[in-house]
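Before any comments, here is the structure.
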Amino acid sequence: MVDALRSANVSAIAFVSGRATRGTGTVWREAAAYLAGKVVVYTIVGAAAILLGFTFPTWALVLLRKLTGPLMIVVGLYTLGLLRFRFVVGEGITDRLAERLLAGRRGVPRGDQTLGSTGSFLLGAIYGLTFCPTMVLLFFGILVPLGLRSTAGVLLPGFFALGTAVPLLAFVTFLTLGWGATRDWLRGTRRVDRYVRPVVGTVFLILGANDTILYWFL
């Protein structure tokens, strides 16, 4: 989960940082548009996967549910650093799309480009197509199977996207307070990460082991 939050917000924080000198209103407006783009993409992709899952036969749904526990164990091991995955789904195509979006502003430093709300929304939607290993496991391996348990499950991806945006909202808040506050916040998150990561990884291992025993052996 720690890596998922980081990957979900690295591009967003880099984007917002380039707006630091444009005033509080502009920073919040473009950050909100960027976030909205990611939420829309997450919601569409997740809802489509869940709706597709509803067409699966019962045995396939049972298998998906049984895989949730083992996948949680994998997430836990990855979070603890005991497993390593070196891939990012969609990275190549999203980088190319982002370059195309920014191509109309050649000769202007990226941090000085004014995309406006529409451009910020599109950029957020583009980067919403990028998934790190933890995000793939959480989103498609855990969230989607959970969403299949209820017809209201199609709403889960949207809430998930909003949840991953908390670090971005915190960053924008500190950014509007000044760069000194932002640097202090970033240093604080690094310190917290050292303590939170082992806890999160251990929790996923325990929950995954419990779920695996419950659905595979009982």
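The values are calculated or read from the model by the stated rules, or taken from the named source; none is laboratory data. The shown structure was predicted, so the numbers you read here are calculated from the model rather than taken from an experiment. Counting neighbours? That spans all protein chains shown, and the Cβs are built from the backbone with ideal geometry, glycine included.
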Just the residues that are in contact with a Phe, Trp or Tyr (Cβ under 9 Å, 6 or more places away or on another chain), at pLDDT below 75 and not aliphatic (A, V, I, L, M), please, taken from region 80-90.
85, 90
If I filter region 161-181 down to residues being in a helix (DSSP H, G or I) and more than 28 Å from residue 41 (Cα to Cα), which single residue comes out as modelled with the highest pLDDT?
177
Look through region 53-92, keep the residues that are over 26 Å from residue 207 (Cβ atoms) and not in a loop (DSSP other than H, G, I, E, B), and return whichever of them is farthest from the chain's Cα centre (by Cα).
92
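Can residue 140 be described as of a type in the set (A, V, I, L, M, F, W, C) and at pLDDT 85 or above?
Details: of a type in the set (A, V, I, L, M, F, W, C): yes; at pLDDT 85 or above: no.
Against the criterion (of a type in the set (A, V, I, L, M, F, W, C) and at pLDDT 85 or above), residue 140 does not qualify.
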